[in-house]
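Everything below concerns the one structure shown next.
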Amino acid sequence: MEILAIILFISIFILILYGYPVAFTLGGLSLMYAFCFLEPSVFAALPLRIMGIMTNYILIAVPLFIYMGIMLERSGLAESLLETMAILFGRMRGGLAVAVVLVGALLAASTGIVGATVVTMGLISLPTMLKRGYKPELATSVIAAAGTLGQIIPPSIVLVLLGSVLNRPVGSLFKAAFIPGLLLVVAYLMYIIGIAWLRPQYAPAMPAEEVRVFLEKKGFAWRITRAFMMPLILIVAVLGTIFFGVGEATPAAGVGALGATLLTIAQKRFNIKALRTVMQETTHLTSMVFMILLGATTFALVFRELGGDIYLADAVKQANLSPTLFLLLVMLVVFIAGFFIDFIEIIFIIVPVVAPLFQQMGVDLIWVGILLAINLQTSFLTPPFGFSLFYLKGVAPPQVTTQHLYRGIVPFVIIQLLFLLLIALFPGIVLHYS
């Protein structure tokens, strides 16, 4: 029976790689195995599991954060931020790339939606960077990498889902991720500044005269203040709700959704058509996440009833793997899986299987959650199915090729892996939350 659980696990991976829908593959194949190899009483437990998901208060944060991100994307704040940052940092070598990373960090703390961030920055910044003589590999990789910061900088959908699967408070994950997220931004900036210093032709500065003309325009100071203040108010409202103990992730998400709507009204971008579009996209994305979650719940039930969790625990004990080696093995599996499947699938397939083993070993699951979030962030950048690369290629000018994207992203993947190693070696960076 235990071997059947492992075969089920492998079969699901194979079918997903062949392109079958994730939610229905997880749920459908698991039900087939349950029907063929388990007692009928197992089916009686399934509705209780599903109701447990549907009544999970934490998961209400998912549609609210998605709504917040999509609404902010409609508000036009990203365009204002990018234009302002580009002028402020335009005089220095690599200034445009620095601006993109800083805007990516602000948008990550405001929205957490990778696709919207990458597309927005790709449409606005990429043509400008190429026009200024930026090397295509550097320009594309900076935008793609900055767009994925929403995976680790709270509020993050990834952290909400990981909190649900690991059964840990989402607020604790947000607090634990805050410093690592900022340090990753610093690492990106150091790389960009270093490249601009060593290879000035890769990231030239904007002409001083052009920057001066922009700075002397009437009302520029007010535009700078407005561009920064609006997202900062939203960030403080959302994260302050959690960090100051006012509420957990769900109330914070509600504050964020309301705040994003008010900011869109302030930008004079709000209307019934925009609201309808935002609500439709929110419903679509939320339905996708919850369908996968229900399929994953069915898989987890059948996998455990087949004895898969006991089999894995015994295998780890017989292999005499230390917690460190087991963590290394899990991180390697997640990293490789990120080349081929989506982060949501990894969270709902792999994490529920390994989380009980980490708990038995006495490993802090908050720490594991942050390591997984950083690892999953890398999956957005790794070919051939890095979604951040797909988003950017869809809006890039014709002269930007897939080879530019693949070659340029390698240094940022290396940075993320080194950063992952840093967090693994120095868990105190994460465990400050306690």
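The values are calculated or read from the model by the stated rules, or taken from the named source; none is laboratory data. In this text, all values refer to a predicted model and were calculated from it rather than measured experimentally. Every residue, glycine as well, gets a Cβ built from its backbone with ideal geometry; the counts of neighbours run over all protein chains shown.
Restricting attention to segment 351-372, the residues being within 23 Å of the chain's Cα centre (by Cα) and either surrounded by 20 or more Cβ atoms within 10 Å (Cβ to Cβ) or in a helix (DSSP H, G or I) (or both) number 14. Scan segment 243-261 for residues that are over 15 Å from Ile60 (Cα atoms) and modelled with pLDDT under 90 and the total you get is 6.
Kindly indicate whether Ile310 is of a type in the set (A, V, I, L, M, F, W, C), farther than 19 Å from Gln377 by Cα, out of contact with any Ser or Thr (no Cβ under 7 Å at 6 or more places or on another chain) and surrounded by fewer than 16 Cβ atoms within 10 Å (Cβ to Cβ). Working first, answer last.
On the way: of a type in the set (A, V, I, L, M, F, W, C): yes; farther than 19 Å from Gln377 by Cα: yes; out of contact with any Ser or Thr (no Cβ under 7 Å at 6 or more places or on another chain): yes; surrounded by fewer than 16 Cβ atoms within 10 Å (Cβ to Cβ): yes.
Judged against the criteria, Ile310 is a match.
For segment 241-265, residues that are exposed (fewer than 14 other Cβ atoms within 10 Å of the Cβ) and outside any loop (DSSP other than H, G, I, E, B) total 1.
Among the criteria (1) surrounded by fewer than 21 Cβ atoms within 10 Å (Cβ to Cβ); (2) assigned to a helix (DSSP H, G or I), the one Leu81 does not fulfil is (1). Where helices (runs of 4 or more DSSP H) fall entirely within segment 94-209, those with at least 1 residues that are of a type in the set (Asp, Glu) are at 136-147.
Being aliphatic (A, V, I, L, M) and in contact with a helix residue (DSSP H, G or I) (Cβ under 7 Å, 6 or more places away or on another chain): is that true of Leu294 here? So that I can check it myself, show each step before the final result.
On the way: aliphatic (A, V, I, L, M): yes; in contact with a helix residue (DSSP H, G or I) (Cβ under 7 Å, 6 or more places away or on another chain): yes.
Criteria met by Leu294.
Filter segment 1-33 down to residues that are of a type in the set (Ser, Thr, Tyr) and within 25 Å of the chain's Cα centre (by Cα) and give me whichever is surrounded by the most Cβ atoms within 10 Å (Cβ to Cβ).
If we filter segment 1-33 for residues that are of a type in the set (Ser, Thr, Tyr), which is where we start, we get 11, 18, 20, 25, 30, 33.
Checking the rest, the ones that are also within 25 Å of the chain's Cα centre (by Cα) come to 18, 20, 25.
On the way: Tyr18: 8, Tyr20: 15, Thr25: 23.
Ranking the qualifying residues of segment 1-33, first place goes to Thr25.
Of Tyr188, Tyr202, all but one fail to be of a type outside the set (Val, Ile, Thr) and over 19 Å from Gly104 (Cα atoms); the exception is Tyr202.
One residue stands out in segment 34-44 among those that are exposed (fewer than 11 other Cβ atoms within 10 Å of the Cβ) and of a type outside the set (Asp, Glu): the one that is nearest to Gly295 (Cα to Cα), namely Ala44. When you look at Pro127, is it over 11 Å from the mean Cα position of the chain (by Cα), under 21 Å from Val413 (Cα atoms) and surrounded by fewer than 24 Cβ atoms within 10 Å (Cβ to Cβ), yes or no? When the stated conditions are applied, Pro127 does not pass them.
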